[in-house]
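Peer 1: Could you have a look at this structure, given as structure tokens, before my questions?
We did not get these values from a lab; they are worked out from the coordinates using the rules stated. Computed from a predicted model, the values in this text were never measured in an experiment. Don't worry about glycine lacking a Cβ; one is built from the backbone with ideal geometry, like all the others, and counts go over all protein chains shown.
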């Protein structure tokens, strides 16, 4: 590990980030040219003291998981992430479709959507990051491991994953998800992670086999999605999608038509999400 170069690179990237880049308010008394060390530490899920030691070049070699978290917190591009791994003495992760490294462009948009349900998905339907409002609406989707990280896999193998959608809509969801996975598999090609996921679902899910045999392509959801929430009941929401084709990632943003009951329910969920965030930060 090149401790001096690693610390210098982290420090300069932190200085280059502005509060607005990560959805923070600048404030009238701000003197720091970029982000404060405490802000980057929180974004990266580490202590400010540990980050300070890394920047000074006096800390121990960070693990690959810690370097990945720091790369996300600093909103690094893939090239910058790979450079950070090399400086830390680690081989850069392969640029697989299931990469945990979130597109910095999509993250910049997500950072400005703190009061809106939004999430970023990978090519396998794996949720990489959510706003607190999205957690309040959809539940915590980033906790899964193994094959269950894929939303496609959970849909066809775990009945509980369907509970947030009305039963009448389940068949349509199944058709659309099978068609989306078919398109992803065609683009990724044989031997890819997507192809492996398709093979596994064909083995494990009779419903998926039936949907796959229909050969559907290009299917889409309707303009509105219906949800059934245990606390606020049924909602009808619009889902806008922003794509980053270079990283095979998509940003989903959920909104409601103003003045409708769904808009009132979504506003309530936003409050619930903020309350739960505040509760997590309460001292024990």
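Peer 1: If each residue's Cβ is checked for other Cβ atoms within 10 Å, how do 265, 143, 225 rank with the fewest at the top?
Peer 2: 143, 225, 265
Peer 1: Shifting gears a bit: Nearest 10 degrees, 0 to 90: what angle lies between the long axis of helix 261-280 and the longest principal axis of the chain (Cα atoms)?
Peer 2: The answer is roughly 40 degrees.
Peer 1: For the peptides 153-165, 124-136, what is the packing order when you average, over each peptide's residues, the other Cβ atoms within 10 Å and list the highest mean first?
Peer 2: Numbers: 153-165: 16.6, 124-136: 22.5.
Those peptides, ordered most packed to least, come out 124-136, 153-165.
Peer 1: Can you show me the helix-derived [θ] at 222 nm for the chain, built from DSSP H runs with n ≥ 4 at -39,500 (n - 2.57) apiece and divided by the number of residues, rounded to the nearest 500.
Peer 2: For the chain, the value works out to -14000 deg cm²/dmol.
Peer 1: If you don't mind, there's one more thing I want to ask. Just need the relative contact order of the range 104-280 here, percent rounded to a whole number, with Cα pairs under 8 Å and 6+ apart.
Peer 2: Reported as a whole number, the value is 26 percent.
Peer 1: Between residue 26 and residue 241, take the C-beta separation as r, use R0 = 35 Å, and let me know the FRET efficiency to the nearest 0.05.
Peer 2: 0.70
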